[in-house]
Every structure is written in C-alpha cells, then in structure tokens.
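Report on one structure; see the data block that follows.
The values are calculated or read from the model by the stated rules, or taken from the named source; none is laboratory data. Being a predicted model, the structure only gives us computed values, none of them experimental. With ideal geometry, Cβ positions are generated from the backbone for all residues, glycine too; neighbour counts draw on all protein chains shown.
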Amino acid sequence: MINLAEELKQVRFVAIAGHVRPDGDATGSCLGLYHYLKKNYPETDVRVYLENTPQAYSKVPGIDEVFHEVGENEAPDVFFCLDCADEKRLGGFAELKKRAKRVICIDHHVSNGGFADVNYIVPDASSTSELVFRLLDEEKMPVETAENLYMGIVHDTGVFRHSCTSPETMEIAATLMRKGIDAAGIINRTFYDKTYHQNQILGRALLESILLMDKKVIFSAIRQKEMDFYGVGPSDLDGIVQVLMSTADTEVAIFLYEVSPQTFKVSLRSREFVDVSTIAAYFGGGGHIRAAGCTMQGSIYDVVNNITLHIEKQLRQERDSD
Ligand SMILES: [Mn+2]
C-alpha cells in the first residue's frame, strides 16, 4: 500500500491523470484524490488532467478545474496515474509521466503489468476509486472527495450490480454516504439520465439488435451515418452495451460503433462464463473479465464473425469441463 504522507513530503507540484475517454471511475478517482490533496496539502500545487468528460458530469465537484492539456514546462514531482492499464491509455498525458520525478500508479485492471515507480494494483477491486479510498484518511476526507469516489464506484459496479461489487465495496459506499453526499443524485445524474437523443440512439440499437449463437450472444452496431442523423457522438453511446447485456438468457453482448470507414470500436460484456478481456486483448484491446473493449477493422460482418469464434471456443471449453 502507498503511504501518501511519506510520498508527498516536501513535494511542490503533483499531477493526476486518468485514461483517455474518461469514464466515471477515471474521473471520480482523479477528482476524489485531487480534492483530498488540495485540502490536506495546501502548500502543494495539485492539478488534474483529463480529456473532455461527458456532459452528464457537469455538476461533478472540481470538473471545471480540470486541465485538458499539458503546459510546456509542467514537470510534476509526483505524478499519479489512475485507472490506466498501461502507458498508452494516458494518451497525451503520457508526457507528464515522462517528465515526472516519481510516478505512482493506482489501478484495478488485470492487464496492468506495473509500469510506474510505485504500483498499487488490485485486479479484484471494484474500481480505482475504491483503491483511492483505501489510501485516504477518512477523517480528513472532504465531501467533494466522497462525491467523486462514490461516482467512480457506482459507475464501475454498474450501481453495485456487477460481480466486482464486494462487501468491502458496500462498506466503503456506506462510509462515503455518511459524509453527506447526494447519493441518489449522483447515481441519477451521472449514470442513468440520458438526453433525448441518447435515448433515441439506444432505441435504435435495441431495435436493430440480433441474437446469435443459439441466443447466447446479442449484437448491435451503430454506423457513423446513424450517429450523424441523431446528432450524437461516441460518448452518447455509453451504456448501450449494458442494456443489451440485460437481455435475459444471453451470455455475451457485443456493441460496435463506427469510428471511420471499416473501423469499429467494440464493447464486450459477459454475464457468467466468457472472459471478454482475453478476447479484447487478442484483438489489441483490454479491460476486465466481464467488461472489455478493442478497436477492429473490416466489415461489421467480419468483426462479429471474428469475435463470435472466440466466444464459441470459450463456451465449448466451459461445456467440456462440465
Ligand atoms: Mn475503472
């Protein structure tokens, strides 16, 4: 475990960054740590770096203080790299890692090989936000930190539903609630609420979805021209794969969206047996056992065909081992 007080002794500039296309956990863990350090280390210059965050996070405490670019001469004494399985996931903020005197990585991705000077990696933790919580002194935690960490846990557990939700996760959530956060508001505003257009494109994805492999797999895809028609971008498609996965009796949900001609971002979810992280890793992506993603080339048909071969193989092994 990391001793924060020890790490931050006489440190002047601390930078914190999360992964590209920040989700609730990347945003929540970064801003949760940010508010804690700002309150307890007033002499230290603390900055958070994230790419643009979804509109749904507009009320998240500290979101307006986030930097989106690295300044020319910014060289942190300590750099916290949160929720990133590898250096590539930092995107443009990898520059901070390069310039930093000391790099501390806090993460819960299975694929994280430990690329920092100090690595706190716990693959079975619900979220990076949960891991940040474990490093902080409860008594010194401002409510803004509690709000952010709660958001991170809520998002990565799918509101305490996914199998990564442990009794300890619930205990941490309870502690955060006691800090006086607006728990229901955070869940509704940042997780469930959708704009009208986001709901329309979700409806479209559901209408066009197809059951494959004896109804074990559900699949849907959104093309660029459909996104243009509804006036939405990639971040508006968050959560679609989860709704597909809620189809009873399916084991895997596959959701694709087109990023350029013949190139698709692929999101994978599984219910119980299939390890989608190894499938995503095979195609150059990564993630968790039940939630992973990658980018693939070819027609929609090619992409789905390639993925289902891997699913088929895993399900066959599962059957044979019975
Ligand atoms: Mn995470």
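For the stretch 129-165, residues that are more than 14 Å from the ligand (Cβ to nearest atom) and part of a loop (DSSP other than H, G, I, E, B) total 8. Looking only at residues of the stretch 58-85 that are in contact (Cβ under 8 Å) with a residue 40 or more places away in the chain and of a type in the set (D, E, K, R), we find that the one that is farthest from Gly32 (Cα to Cα) is Glu74. Report yes if Val11 is more than 28 Å from Ala291 (Cβ to Cβ), in the same structural domain as Glu138 (by TED's automatic domain parsing) and at pLDDT 95 or above, otherwise no. Here the answer is yes, as Val11 does meet what is asked.
Which members of the stretch 4-53 meet the condition of being within 16 Å of the ligand (Cβ to nearest atom) and on the phi > 0 side of the Ramachandran plot? Of everything in the stretch 4-53, just one residue is within 16 Å of the ligand (Cβ to nearest atom) and on the phi > 0 side of the Ramachandran plot, namely Arg21. The residue list Ala221, Ala173, Ala205 contains one member that is at pLDDT 95 or above, within 16 Å of the ligand (Cβ to nearest atom) and among the small types (Gly, Ala, Ser), which is Ala173.
Just wondering, is there one or more residues in the stretch 119-126 that are within 12 Å of the ligand (Cβ to nearest atom), under 16 Å from Cys30 (Cα atoms), touching a helix residue (DSSP H, G or I) at 6+ places or on another chain (Cβ under 9 Å) and in contact (Cβ under 8 Å) with a residue 40 or more places away in the chain? Yes - at least one qualifying residue is present in the stretch 119-126.
When Ala280, Ala253, Ala291 are screened for being crowded, with 19+ Cβ neighbours inside 10 Å, within 24 Å of Pro234 (Cβ to Cβ), modelled with pLDDT under 95 and of a type in the set (A, V, I, L, M), only Ala291 passes. Residues that are surrounded by fewer than 24 Cβ atoms within 10 Å (Cβ to Cβ) and in contact with a His (Cβ under 9 Å, 6 or more places away or on another chain) within the stretch 1-45 comprise just one, Asp23.
Determine which member of the set Val118, Val60, Val66 is among the β-branched types (Val, Ile, Thr), more than 15 Å from the chain's Cα centre (by Cα) and surrounded by fewer than 20 Cβ atoms within 10 Å (Cβ to Cβ).
On the way: Val60 fails: surrounded by fewer than 20 Cβ atoms within 10 Å (Cβ to Cβ); Val66 fails: surrounded by fewer than 20 Cβ atoms within 10 Å (Cβ to Cβ).
Sole residue among the options that is among the β-branched types (Val, Ile, Thr), more than 15 Å from the chain's Cα centre (by Cα) and surrounded by fewer than 20 Cβ atoms within 10 Å (Cβ to Cβ): Val118.
When Val143 is tested against (1) hydrophobic (A, V, I, L, M, F, W, C); (2) touching a Lys or Arg at 6+ places or on another chain (Cβ under 6 Å); (3) surrounded by 15 or more Cβ atoms within 10 Å (Cβ to Cβ), only condition (3) is not met.
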